[in-house]
Amino acid sequence: MNSINILRIYQCLCDDVGRLKFSWPAEFVYNPLSYAWDGFRQYAKFSEGRKRVVFLGINPGPWGMAQTGIPFGEVNSVREFLGINSMRIFTPQNMQVSYPVRGLDCPRSEVSGKRLWGLFRDKFGTADEFFAEHFVLNYCPLLFIGRTDSGSLRNITPDKLNPSERDGLCRLCDDALIEAVEILRPDYVVGVGTFAYSRAKSSLEYGLSYGHPDIIRILHPSPANPQANQDWAGKVERQLSALGVWQ
């Protein structure tokens with residue numbers, strides 16, 4: 001069963017990245033696959049069957065996967081679209097008080113997750129219709145929090161890490177992505193943003209036993225991206241239609 005194999009892959013990745021050490025700018029590191037494993041375990045049921053399209057995000061957002069263990073796991077979308085209404089969430093080690101983990105009780109909405117899952121809801125109507133041919137993963141399972149030069153806290157994407165630490169992390173994430181794609185066997189891998197696209201390109205170009213999926217990129221839904229703040233869903237649907245992913 002796909003879900004058993006997906007869980008095996010990401011349990012191993014959870015353990016492997018959990019042994020890594022990170023320095024500045026990553027002051028706080030959350031591993032949702034550890035403390036929010038129950039959320040990811042429930043989500044993995046949607047991985048059954050061959051998937052024509054796999055969407056690949058970068059890493060957890062503080063109000064999405066960091067809360068639920070689910071890629072782009074904005075709380076309302078997890079409840080209302082995915083239909084997951086309860087999960088057992090623990091407290092991450094070395095939690096930053098400004099970024100508390102409250103699971104499905106989190107009062108904040110992650111804009112990226114709301115936009116992404118909202119697009120899928122509007123296009124397909126139900127989770128079952130979407131997951132019949134699609135699945136969503138994150139490349140890296142870790143959330144990094146650090147400080148800007150002014151001292152304010154911020155979410156740090158993996159490309160901003162110390163290069164030697166980033167490279168060690170990417171080797172583990174590359175291997176997990178290759179294994180997951182071998183199981184799901186998609187025709188398309190869609191990088192949500194430039195970093196996810198570049199990692200998919202570099203890791204999936206060679207070595208897949210079933211052939212090579214088309215690797216494409218869509219606009220990231222983060223509000224930090226100015227292009228995403230005006231009709232992001234319309235732009236992405238047009239991108240996917242033009243590339244033949246959606247009809």
Return the sequence-ordered ³J(HN,Hα) values of the range 172-178 in whole Hz as given by the Karplus equation 6.51 cos²θ - 1.76 cosθ + 1.60 applied to θ = phi - 60°, using x for Gly and Pro. 5, 5, 4, 4, 5, 5, 4
Relative contact order (percent) for the chain, with alpha-carbon contacts under 8 angstrom and 6 or more residues of separation? 25
Per the 1/(1 + (r/R0)^6) rule, R0 = 35 Å and r from the Cβ atoms of Ile178 and Gln230, FRET efficiency to 0.05 is 0.45
Output ³J(HN,Hα) for the range 126-135: one whole-Hz value per residue in order, computed from phi by the Karplus curve 6.51 cos²θ - 1.76 cosθ + 1.60 with θ = phi - 60°, and x for Gly and Pro. 10, 4, 4, 5, 5, 6, 4, 10, 10, 8
Within the range 116-143, find all residues whose amide N lies under 12 Å from a label point positioned 7 Å from the Cα of Glu80 along Cα-to-beta-carbon. 117-119, 121-122
Residue-averaged 222 nm ellipticity for the chain, from DSSP H runs of 4+ at -39500 (n - 2.57), nearest 500: -12000 deg cm²/dmol
Taking the Cα centre of the chain as origin and charging only Cβ (+1 Lys, Arg; -1 Asp, Glu), how large is the dipole, in debye to the nearest 20? 280
Eigenvalues of the Cα gyration tensor times 5, then square-rooted: what semi-axes does that give for the chain, in whole angstrom, largest first? 25, 20, 19
Chymotrypsin sites (Phe, Trp or Tyr not before Pro) within the range 106-213, DSSP loop, no more than 12 other Cβ atoms inside 10 Å: Tyr206, Tyr210
Would you mind pulling out the separation of the Cα centroids of the range 133-176 and the range 198-234, in Å? 16
For the chain, the longest stretch holding no trypsin sites (Lys or Arg not before Pro) located in a DSSP loop with at most 10 other Cβ atoms within 10 Å is which? 22-247
Environment charge of Gly211, counting only residues whose C-beta is closer than 14 Å and scoring Lys/Arg +1, Asp/Glu -1: -1
Using DSSP, restrict attention to beta bridges with both residues in the chain and report what percent are antiparallel, rounded to the nearest 5. 35
Glu48 neighbourhood, Cβ < 15 Å, K/R = +1, D/E = -1, net charge +4
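Coordinate-derived values only; no laboratory data. Given the structure is predicted, the values throughout are model-derived calculations rather than measurements. Every residue, glycine among them, receives a Cβ derived from its backbone with ideal geometry; neighbour counts consider all protein chains shown.
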